[in-house]
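Asks: Quick one: the structure is below, and I'll ask about it shortly.
The values are calculated or read from the model by the stated rules, or taken from the named source; none is laboratory data. Everything numeric in this text was worked out from a predicted model, so none of it was measured. Because the Cβ atoms are built from the backbone with ideal geometry, glycine has one as well, and the counts that use them run over all protein chains shown. These accessible areas exclude ligands, DNA and RNA; they are computed on the full protein's heavy atoms, side chains included. Shrake-Rupley method; radii C 1.70, N 1.55, O 1.52, S 1.80 Å.
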Amino acid sequence: MSTYVPLSAGFTNGDVSYWYRSSGVPAPGPRLDGPLSADVVIVGAGYTGLWTAYYLKKAAPGLRVVVLEQEFAGFGASGRNGGWLTGDMAGSAERYAKTHGRPAARALQREMFASVDEVIAVCEAEGIDADVVKGGVLTVARNTAQAARLRESVEEARAWGFDEPDLRLLEPAEQQRRLRVAGTVQASWSPHCARIQPAKLIRGLARVVRDLGVELYEGTPVLSIEPKKAVTPYGTVSGQFVIRATEGFTSRLRGLRRQWLPMNSSMIVTEPLPDSFWETVGWDDAELLGDMAHYYMYAQRTADGRIAFGGRGRPYLYGSRVDARGHTHEWTVEALWQLLVDFFPAAASSSVAHAWSGVLGVPRDWCSTVHIDPATGLGWAGGYTGHGVTTANLAGRTLRDLVLGQETELTALPWVGRKVRAWEPEPLRWLGVHSMYRLYRVADSRERSMRHTSALARFADLITGH
């Protein structure tokens, strides 16, 4: 690819993400300075770790809760994501239904919808200004094959008992009123999604948990997690419960390289766009935007009048390696810019201000899990497959109940205690993931002249169990 990409004078590549641009990338706070004992030890200060700490301290203020973070709170996916507070389930309803039945899978989906409003309510109650707007999510189909797949997805939602208030196809006039995406054949809309500014949410949450008495140690890498303890270079922290909340960085921990695959996702953000652009495309309600391509995109209208636009780029590094600083390959920036302008031709006169990448955790069956083992005290939550902004909140409330030994509606959900086999060893892991996305790209290209989903995409799903 040799597409010209206009870059702003202050273009930044990596440096965590654009979301920290106004405040600057924070320096880590105080690190651990010796051994400690606590009731609950949490490894990872992203959304999962901090929501868990928040709900534990709210429910049981006397608990000593310690959070250990290698960099700073929000360094990982929590500070780099696309800002989708979405009610989409982080996993396959059919797969959860196979183990627990359809009513249980429906209950999990309903709880995901409710979790969107829970996050918004906590932000309001705790004074966290995260640029939240609940404008729903618009999904566009830009060819006949994608439109057929979009209609099938709505029909499937109906079969699960989710009616028009949860998801509906849009009439052309409403689609045009909401958001005008070039080449749209059909679109759907769901109210269960809100825009957020990821860094503002995680930094606000860090402030709140500290105020509640949670001990948050940054700049403190965890070398290993063992029953009842987390080992760091600066001392061992022991606790009745040790919870792993490391998502895409889990592969760095000893013995967990194949547990969850660290999948790369990349983003670009434009310079602020003029009023004339927004008059051309609409987007007045700040809906989140996705599409029905296999090699899909995701976007938001930011609070400061830009487009933040993401996609997979180069999806996986050999050996489950992670580029922690988020530098994005030139090929990926070019691909994202080309797609953004294809969606919004009026944006062609703009430029790219920032590009970055992050990693999300993908289990072998693409279904998220949350777990506490009472015998060892070890727990975890994650494998969110890109739906972690909302799912992490549900995980935090579920881990609270599991730690406190309470049997609740949350602990009965089908993702609790779910076990899945590890990913294959290399080079099978690398070959499988890259083959899947290569086939997706070819399938998307072929579907421009097809009426139904390409068989190549179905074969790609089969390769990795997607």
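Asks: Normalised by the residues of the chain, what does the relative contact order come to in percent, with Cα pairs under 8 Å and at least six apart?
Replies: About 25 percent, as a whole number.
Asks: State the percentage of accessible surface on the chain attributable to carbon and sulfur atoms; use a 1.4 Å probe and exclude ligands, DNA and RNA.
Replies: Percent of accessible area from carbon and sulfur atoms in the chain: 52.
Asks: Here is a follow-up. In what order, largest first, do LEU428, LEU340 sit by accessible area if the probe radius is 1.4 Å?
Replies: LEU428, LEU340
Asks: Where the only charges are on Cβ atoms (+1 Lys, Arg; -1 Asp, Glu), what is the dipole of region 167-310 about its Cα centre, to the nearest 20 debye?
Replies: Computed charge dipole of region 167-310: roughly 840 debye.
Asks: Placing unit charges on C-beta atoms (Lys and Arg positive, Asp and Glu negative, everything else neutral), compute the dipole magnitude of the chain about its Cα centre in debye, rounded to 20.
Replies: 1300 debye
Asks: While we're on this one: Hey, what's the chain come to in accessible area per residue, 1.4 Å probe, Å²?
Replies: With all protein chains present, the chain gives 39 Å² per residue.
Asks: Then there is this: I need the calculated FRET efficiency for the pair ARG64 and ASP33, taking r as the beta carbon distance and R₀ as 22 Å, to the nearest 0.05.
Replies: With a Förster radius of 22 Å, E is 0.85.
Asks: Over the C-alpha atoms of the chain, what are the Rg and the largest Cα-to-Cα span, Dmax, in Å?
Replies: Over the chain's Cα set, Rg and Dmax evaluate to 21.3, 63 Å.
Asks: So, one more: Within the set of other residues whose C-beta is less than 13 Å from the C-beta of GLY219, count the net charge using Lys and Arg as +1 and Asp and Glu as -1.
Replies: Around GLY219, the charge tally is -3.
Asks: With a ≥ b ≥ c the root eigenvalues of the C-alpha gyration tensor of region 18-75, is it rounded (a/c under 1.5), prolate (a/b larger than b/c) or oblate?
Replies: Cα axes put region 18-75 in the oblate bin.
Asks: Beyond 17 Å, what percent of the Cα pairs of region 72-204 remain?
Replies: The calculated P(r) of region 72-204 puts 66 percent of pairs beyond 17 Å.
Asks: Just going by the charge dipole of region 1-119, with Lys and Arg at +1 and Asp and Glu at -1 on Cβ, which of ALA104, TRP84, GLY29 is farthest out on the positive end?
Replies: ALA104
Asks: Counting pairs of alpha carbon atoms under 8 Å apart in space and at least six apart in sequence, what relative contact order in percent does region 1-136 give?
Replies: Relative contact order comes out at 19 percent.
Asks: Follow-up question, since we're still on this one. Can you say what percent of the DSSP beta bridges in the chain, counting only those with both residues inside, are antiparallel? Round to 5.
Replies: The antiparallel proportion sits near 65 percent.
Asks: What is the sum of charges around HIS354, taking Lys and Arg as +1, Asp and Glu as -1, for the other residues whose C-beta is under 9 Å from the C-beta of HIS354?
Replies: 0
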